[in-house]
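Trainee: Right, I'll just put the structure down here and ask away after.
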Amino acid sequence: MKTFWVSFLGIFITTAFTLTCSEKSLAQAQKIRAMTYNIRYDNPDDAPNNWDNRKARVANPIAFYEPTFLGTQEALFHQLGYLDQQLPNYKWIGKGRTNGEKDGEFWALFYDSRKVKLVAQTDSTIWLSQTPSVPSKSWDAALPRILTWGKFRFKKDGEEIYIFNTYFDHVGDTARTKSAKLILNNDR
C-alpha cells in the first residue's frame with residue numbers, strides 16, 4: 001500500500017513522499033502527478049490580489065499540469081466551487097475547519113476522476129487536536145488545523161494509495177509534534 005503525504009508546515013511548503021510499495025508500485029509511483037496549492041482565502045481587502053482578480057491564475061496551472069492529486073490550503077467553499085466548475089475532470093473531498101461543513105477554510109483534496117477512484121473516506125477530515133472528530137483546536141495551536149485524507153484506487157491497474165493533505169500550526173511547537181503523532185497513530 002502506498003502512502004503519499006502532501007504537507008504544509010507554517011509558511012514554507014514542504015512536500016514529503018512516503019512510499020511503501022513493491023517494485024511494481026515504484027513504477028506506478030513515478031507516474032503520480034501531485035500538486036499542492038495555497039489558494040489563500042478570499043479576503044476582499046486583498047485588492048488588487050482579491051479572489052476575483054486571481055481566480056483564473058489559480059485554476060489555469062492546475063488545468064495545464066493535470067495532477068492526479070491536488071492538495072489545497074486556505075480555500076473557502078465558494079472558491080472550491082469555482083475550481084470545481086473550471087476543472088470538470090476533478091472531484092474533491094474535505095470539510096470546512098470552522099464547523100465541519102461549509103464554514104471556514106478547507107484543506108480540500110482534489111483528485112482526477114479519470115485516473116483514480118475514491119474507495120474510502122470514512123471521515124475525510126479530522127482536526128489536529130485532542131478531539132479529532134469535532135471542530136476544535138488543542139495544545140498551543142494558534143488556529144484549528146485539519147487533515148483531509150482519502151484512499152484511492154488507480155483505474156489503470158487497481159493499485160491503491162492513501163493521500164493526506166494537511167497544514168501544521170505555524171506557532172505551536174507542541175501542536176506540530178502532537179499533530180504528527182495523531183496522524184501516524186490514526187486508524188484508517
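Trainee: SER138 is checked against (1) outside any loop (DSSP other than H, G, I, E, B); (2) closer than 21 Å to LYS95 by Cα and fails just one. What number does that condition carry?
Mentor: (1)
Trainee: While we're here: Kindly establish whether ASP123 is acidic (Asp, Glu) and under 15 Å from the mean Cα position of the chain (by Cα). Give the derivation first.
Mentor: Values: acidic (Asp, Glu): yes; under 15 Å from the mean Cα position of the chain (by Cα): yes.
Yes, satisfied.
Trainee: Take the range 149-177 and flag every residue that is closer than 13 Å to LYS115 by Cα and of a type in the set (D, E, K, R).
Mentor: ARG153, LYS155, LYS156, ASP157, GLU159, GLU160
The rows are residues; the columns are (1) modelled with pLDDT under 95; (2) surrounded by fewer than 16 Cβ atoms within 10 Å (Cβ to Cβ); (3) on the phi < 0 side of the Ramachandran plot; (4) acidic (Asp, Glu).
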| residue | (1), (2), (3), (4) |
| --- | --- |
| LYS115 | no, no, yes, no |
| LEU118 | no, no, yes, no |
| SER124 | yes, no, yes, no |
| LEU128 | no, no, yes, no |
| TRP149 | yes, no, yes, no |
| LYS156 | yes, yes, yes, no |
| GLU159 | yes, no, yes, yes |
| TYR162 | yes, no, yes, no |
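Trainee: Scan the range 72-99 for residues that are over 21 Å from TYR162 (Cα atoms) and of a type in the set (Gly, Ala, Ser) and jot them down.
Mentor: ALA75, GLY81 - these are the residues of the range 72-99 that are over 21 Å from TYR162 (Cα atoms) and of a type in the set (Gly, Ala, Ser).
Trainee: Please go through the range 6-56 and pick out each residue that is at pLDDT below 50, under 30 Å from GLY172 (Cβ atoms) and more than 18 Å from the chain's Cα centre (by Cα).
Mentor: Within the range 6-56, THR20 is the sole residue that qualifies.
Trainee: Next question, about the same structure. Give me the residue from the range 81-98 that is part of a loop (DSSP other than H, G, I, E, B) and within 15 Å of the chain's Cα centre (by Cα) and, out of that set, nearest to LYS137 (Cα to Cα).
Mentor: Narrowing the range 81-98 to residues part of a loop (DSSP other than H, G, I, E, B): 87-89, 94-95, 97-98.
Cutting the leftovers down to within 15 Å of the chain's Cα centre (by Cα) gives us 94-95, 97.
Values: GLY94: 17, LYS95: 15, ARG97: 10 Å.
Here the answer is ARG97.
Trainee: Select from the range 70-113 the residues that are within 19 Å of ASP169 (Cα to Cα) and touching a Ser or Thr at 6+ places or on another chain (Cβ under 6 Å) and write down the one among them that is surrounded by the fewest Cβ atoms within 10 Å (Cβ to Cβ).
Mentor: GLY104
The values are calculated or read from the model by the stated rules, or taken from the named source; none is laboratory data. Worth saying up front: this structure is predicted, and the values here are computed from it rather than measured. As a convention, Cβ positions derive from the backbone with ideal geometry for all residues, glycine included, and neighbour counts pool all protein chains shown.
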